[in-house]
Amino acid sequence: MKLRLGMIGGGEGSFIGAVHRIAARIDDEYELICGVFSSKPDVSKKSGLSIGLPENRVYSTYQELIEKEKQLPANERVQVIGIVTPNNVHFGPAKLALENGFHVILDKPMTLSLAEAKELEKTVKATGNLFALTHTYTGYPMVKEAKQLVKSGKIGKVRKIYVEYPQGWLSTFLEGNSDNKQAAWRADPAKSGIAGAMGDIGTHAFNLAEYVSGLQVTKICADINIVVDDRKLDDDGGILLKYNNGASGVLMASQIAAGEENNIKVRVYGERGSVEWQQCDANTLTVKWLDKPTEIYRTGGSYVSSYASHNTRVPAGHPEGYLEAFANIYRNFALTIKAHAAGQTPQPEWMDFPGIEEGVRGMAFIENAIASGKSDIKWTDFKV
């Protein structure tokens, strides 16, 4: 049976809302039954009707959605609420939804501040409702394979991690164009928070490095830049990192790398070998060895781990990309919810999706990175 899904945000002019809806539909685990799609009631109504919702299930505010849905019979009301708004409208609806008995799937970064993130963590623990965060890149089968190879110890103790996320789309002052809503809110501190590039894509790089390596950052040394004139938030940065096993790392996130698209890339080096993955060739994982030839792992191969195969839908050679990776988070979240509802223990592969802990660490990354960038101290402790 499909889970009943509601959406907050993602209306007319939204990029990520459509991505969430596609991801939710790919595996037929959800049915979108209600939503509030804009802070403007007329836009919300127009958006909801355009995707086929009945008028009485299209709401004007998220408070109205949660209150009215809660009053419906248990077999009719929404079960999962997806929140796809700008960062400043993450915490309020997520907290209210959890407190009223709904599971939540939330776009990243989790909140506007670390303080909000910690409060939301308390709410998740207090309510017992389930929570997922859409750090998309952890959904790729070969990223999951990389994690399992590192976890198995085959490449030896991790020594070095490089992770980068270059984009070029903000190489000019796009937020000065009132028609560019995507640039406008991301460059607005009131909606985006204290970080620009580090909040938008740096959090993805940070999460990917910790996910694949299984390690956690303990110290940070950041160079944070605003390159484009009149921009209010960072659009470029490089960060040195120390991890809890003694490994060191380098993180780069830039939105002024002219000509670059979204080729997030991670390399993890161990004592005996390394793993390398990049989004522009997402079906390939390169495994390099100290004393034998390089190996190429491919999505759909018979030799991959259960974590990679579980998140693969088609035979080898058929590309699976961003939308499928996004859908893997939605599907695993749905399978976990259904298992809990049935009083069963979810399979480990199902529970392999980003959650509240990753959300808190992501907000800690933002605040530590910006603070380090303003500091004259070379190394500062990574505080959560």
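The values are calculated or read from the model by the stated rules, or taken from the named source; none is laboratory data. What you see is a predicted model, and the numbers here were worked out from it, not measured in a lab. For neighbour counting, all protein chains shown are included, and Cβ atoms are generated from backbone atoms with ideal geometry for every residue, glycine included. Note: areas computed on protein heavy atoms with side chains; ligands, DNA, RNA excluded. Shrake-Rupley method; radii C 1.70, N 1.55, O 1.52, S 1.80 Å.
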Can you pull out every residue in segment 296-310 that is surrounded by 14 or more Cβ atoms within 10 Å (Cβ to Cβ) and at negative phi?
297, 298, 299, 301, 304, 305, 307, 308, 309, 310
How many residues does segment 31-44 hold that are open to solvent by 40 Å² or more (accessible area, probe 1.4 Å) and within 23 Å of residue 337 (Cβ to Cβ)?
2
Would you mind telling me which numbered condition in (1) under 24 Å from residue 210 (Cβ atoms); (2) touching a helix residue (DSSP H, G or I) at 6+ places or on another chain (Cβ under 8 Å); (3) basic (Lys, Arg); (4) open to solvent by 40 Å² or more (accessible area, probe 1.4 Å) residue 313 fails?
(1)
Name the single residue that is surrounded by the fewest Cβ atoms within 10 Å (Cβ to Cβ) among those in segment 153-175 being charged (D, E, K, R) and within 26 Å of the chain's Cα centre (by Cα).
160
Test for residue 169: is it in contact (Cβ under 8 Å) with a residue 60 or more places away in the chain, of a type outside the set (Val, Ile, Thr) and farther than 23 Å from residue 252 by Cβ
no
Would you call residue 32 free of Cβ contacts under 8 Å to residues at least 40 places away in the same chain and either of a type in the set (Ser, Thr, Tyr) or over 24 Å from residue 181 (Cβ atoms) (or both)?
no
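Looking for whichever is modelled with pLDDT of 95 or more, of a type outside the set (S, T, N, Q), touching a strand residue (DSSP E or B) at 6+ places or on another chain (Cβ under 7 Å) and closer than 12 Å to residue 139 by Cα here; the options are 329, 264. Which one fits?
After ruling out the rest, the residue left standing is 329.
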Taking segment 319-351 and keeping residues part of a loop (DSSP other than H, G, I, E, B) and closer than 21 Å to residue 262 by Cα leaves 319, 320, 321
I want to confirm something. Restricting to segment 211-258 and keeping residues that are more than 16 Å from residue 197 (Cα to Cα) and assigned to a loop (DSSP other than H, G, I, E, B), which single residue is most open to solvent (accessible area, probe 1.4 Å)?
244
If the requirement is being among the small types (Gly, Ala, Ser) and touching a Gly at 6+ places or on another chain (Cβ under 7 Å), which of these qualifies: 197, 146, 184, 115?
197
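Across segment 321-345, what is the total count of residues that are free of Cβ contacts under 8 Å to residues at least 12 places away in the same chain and open to solvent by 10 Å² or more (accessible area, probe 1.4 Å)? Can you show your working first?
Of segment 321-345, the ones free of Cβ contacts under 8 Å to residues at least 12 places away in the same chain are 339, 341-345.
Next cut, open to solvent by 10 Å² or more (accessible area, probe 1.4 Å) only: 341-345.
Number satisfying all stated conditions: 5.
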Given the structure, is residue 267 farther than 21 Å from residue 363 by Cα and open to solvent by 70 Å² or more (accessible area, probe 1.4 Å)?
no
Flagged pairs (Cβ under 9 angstrom, 6 or more apart or on separate chains; first in segment 39-65, in contact (Cβ under 8 Å) with a residue 12 or more places away in the chain and assigned to a helix (DSSP H, G or I); second open to solvent by less than 40 Å² (accessible area, probe 1.4 Å) and acidic (Asp, Glu)) are 57/69
Restrict the check to segment 21-30 and report whether at least one residue is closer than 20 Å to residue 200 by Cβ and open to solvent by less than 30 Å² (accessible area, probe 1.4 Å).
yes
Could you say whether any residue in segment 358-380 is surrounded by 21 or more Cβ atoms within 10 Å (Cβ to Cβ), assigned to a loop (DSSP other than H, G, I, E, B) and in contact with a Ser or Thr (Cβ under 9 Å, 6 or more places away or on another chain)?
no
I'm trying to understand the selection: among the residues of segment 158-208, which are basic (Lys, Arg) and not in a strand (DSSP E or B)?
181, 186, 191
